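The values are calculated or read from the model by the stated rules, or taken from the named source; none is laboratory data. What you see is a predicted model, and the numbers here were worked out from it, not measured in a lab. In this analysis, Cβ positions are derived from the backbone assuming ideal geometry, glycine residues included, and neighbour counts consider all displayed protein chains.
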Amino acid sequence: MKIIVAGDGKVGNAVTGRLAKEGSDLTVIDSKQSVLQEIQERDDVMVVEGNAASMPVLRAAGVEDADLLIAATSADEINLLCCLTARSMNPDLHTIARVRNPDYAEQEFAMRRQLGLSMSVNPEMDAAREICRLLQYPAFIKRDTFARGKVEIVELKVFAGARLDGVALKNLDEVCGVKVLICVILRRGRAVIPMGDDVLQAGDRIFVTAKSETLAQLIKNLGIQDHRVRRAMIVGGGRLGYQVARHLLESGIRVKVIEKEEEACRQLAARLPKATVIHGEGSSQQLLDSEGLASSDALITLTGIDEENLVISMYATRLGLPKVITRVERMENYDMFSDMGAGSIISPKDLCSSEIVRYARAMQNKTGSMRALHRIADNQAEALEFLVTPDVRYQGVPLKDVPIRKNALIACITNEGHTFIPSGDNYFELDNRVVAVVTGDMAVRDLNDIFAD
């Protein structure tokens, strides 16, 4: 599949890196020669210098025989014009535009066909939605949804002395009180697919597959304190801070925003009259204390500086806040930040690029069986959702008799709308949806790829 990426900023760079590793035929457009040289050396892709909304530049990039265009320059208007122009040159082209300005949301929806858009992405909106999902169940570090929202893979940390500490996986159902499956254990930075005799240890980060309707019961049975969020403090009142505050206020949560730019404070106060907006330096311990950080249910650090977010989050963790969420742009620091008390880590760039890559992979598999893909365990594992097609082997065979590769497992099966966490006696059939989890560098394009023969 031939893909053109217009713009090599944060999102474009992340998308290019991930698609290049998957072997896509990529061409990158950017106006800066130095940027193109760097990405060409890193990913070995074709490059074209120039304005991505220009017909001659798009023609030079091969838009007339491309399958997908991803417009991710720093300017929303250029991205929209790029998609419009490209679609006029190739009516069969799929187009994705990164559009950050919420003022364009109505036009995007109403004029999608006229603008030539297959999909639009907004890093701040994606991150805001994810933050609100995490605040719904504060005990979870991360959540990914499958089977049309009926099953989730949630991330938890095993603490010393907690109910999961020292539990063998074969005894997991007795401890949890509901049917769950631990599909990945991240221990000392390494992700592994566990076996029944494996024992959980303090410090493990575990990825648990459970039906969405059982999440509340799971938390209760594990004795995890999961405080309902009533008061949230946000540090950083930029685009993302505004979106998060708006969503939380609509959910009935009291919101206090700390922002250091005076003009930004005025705009926030005007747009969010129900929020408390504080003009000040969010990294000031004195300010945080005086504004009641210790009595808040959640802290969300959303400044544009990773280090500042980390320091503030560490202080909130030391105070014992029930939920801390930290914005991080450099995801290579994920492990370090997580171990230092950053709580749940959110990267708008990473969320946005993941959404784009999922669309691209769905296009590549439009005649195949893959329906969704999520990266978990610090990108060391993938959870993939498949539709069981006639060519899939071992239909009707109990899973205990199916030869599955060492670094793979089946985590969930959906049959005629009923979703269940499988045991060895369960099996899958035609038209079922199956969620499989794999670790390492295993290349999985369809469900047959996880079988050992």
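Odds and ends about this structure:
- Single residue of segment 369-389 satisfying the filter (buried (at least 18 other Cβ atoms within 10 Å of the Cβ) and among the β-branched types (Val, Ile, Thr)) that is farthest from residue 446 (Cα to Cα): 376
- Checked against the criterion of being without any contact (Cβ under 8 Å) to a residue 12 or more places away in the chain and either within 30 Å of residue 330 (Cβ to Cβ) or not in a loop (DSSP other than H, G, I, E, B) (or both), segment 382-395 contains not a single residue that satisfies it.
- Residues in segment 396-435 that are assigned to a loop (DSSP other than H, G, I, E, B) and closer than 18 Å to residue 196 by Cβ: 398, 402, 403, 405, 406, 407, 421, 422, 423, 424, 425, 426.
- Test: residue in segment 282-289 that is crowded, with 23+ Cβ neighbours inside 10 Å, more than 30 Å from residue 178 (Cα to Cα) and among the small types (Gly, Ala, Ser): yes
- Matching residues, segment 295-329, being among the small types (Gly, Ala, Ser), part of a helix (DSSP H, G or I) and more than 11 Å from residue 342 (Cα to Cα): 295
- Among the residues of segment 262-294, those identified as in a loop (DSSP other than H, G, I, E, B) and under 24 Å from residue 132 (Cβ atoms) are 272, 273, 274, 275, 282, 291, 292.
- Of all the numbered requirements in (1) free of Cβ contacts under 8 Å to residues at least 60 places away in the same chain; (2) more than 21 Å from residue 143 (Cβ to Cβ), residue 447 misses one, and that requirement is (1).
- Pair list, Cβ under 6 Å, 6 or more apart: segment 10-22 residue assigned by TED's automatic domain parsing to the domain that holds residue 73 and surrounded by fewer than 21 Cβ atoms within 10 Å (Cβ to Cβ), other residue assigned to a helix (DSSP H, G or I) and of a type in the set (A, V, I, L, M, F, W, C): 18/357
- Just one of the listed residues (184, 244, 208) is surrounded by 17 or more Cβ atoms within 10 Å (Cβ to Cβ), in a helix (DSSP H, G or I), in contact (Cβ under 8 Å) with a residue 40 or more places away in the chain and β-branched (Val, Ile, Thr), and it is 244.
- Those residues of segment 211-241 which are in a helix (DSSP H, G or I), buried (at least 22 other Cβ atoms within 10 Å of the Cβ) and not hydrophobic (A, V, I, L, M, F, W, C), in sequence order: 241
- Boolean, residue 426 is surrounded by fewer than 18 Cβ atoms within 10 Å (Cβ to Cβ) and either in contact with a Cys (Cβ under 9 Å, 6 or more places away or on another chain) or within 15 Å of residue 209 (Cβ to Cβ) (or both): yes
- Count of segment 130-140 residues which are over 12 Å from the mean Cα position of the chain (by Cα) and not small (Gly, Ala, Ser): 6
- Between 243, 217, the distinction of being within 23 Å of the chain's Cα centre (by Cα), over 19 Å from residue 320 (Cβ atoms) and polar (S, T, N, Q) belongs to 243 only.
- Residue match in segment 117-129 (condition: of a type outside the set (A, V, I, L, M) and without any contact (Cβ under 8 Å) to a residue 24 or more places away in the chain): no
- Taken over segment 81-118, the criterion of being closer than 25 Å to residue 328 by Cα and among the aliphatic types (A, V, I, L, M) is satisfied by 96, 97, 99.
- Exclusive hit being of a type in the set (A, V, I, L, M), closer than 25 Å to residue 379 by Cα, within 29 Å of the chain's Cα centre (by Cα) and modelled with pLDDT of 90 or more, set 47, 28: 28
- Residue within segment 352-367 that is surrounded by fewer than 19 Cβ atoms within 10 Å (Cβ to Cβ), over 26 Å from residue 132 (Cα atoms), at pLDDT 90 or above and among the basic types (Lys, Arg) present: no
- So residue 134, is it assigned to a loop (DSSP other than H, G, I, E, B) and either crowded, with 19+ Cβ neighbours inside 10 Å or outside the structural domain of residue 214 (by TED's automatic domain parsing) (or both): no
- Of the residues in segment 260-269, at least one is surrounded by fewer than 16 Cβ atoms within 10 Å (Cβ to Cβ) and within 17 Å of residue 305 (Cβ to Cβ).
- Hits in segment 1-14 - residues which are of a type in the set (Val, Ile, Thr) and not in a helix (DSSP H, G or I): 3, 4, 5
- The residues of segment 149-167 that are farther than 19 Å from residue 378 by Cβ, surrounded by 14 or more Cβ atoms within 10 Å (Cβ to Cβ) and hydrophobic (A, V, I, L, M, F, W, C), listed by number, are 151, 162, 164, 167.
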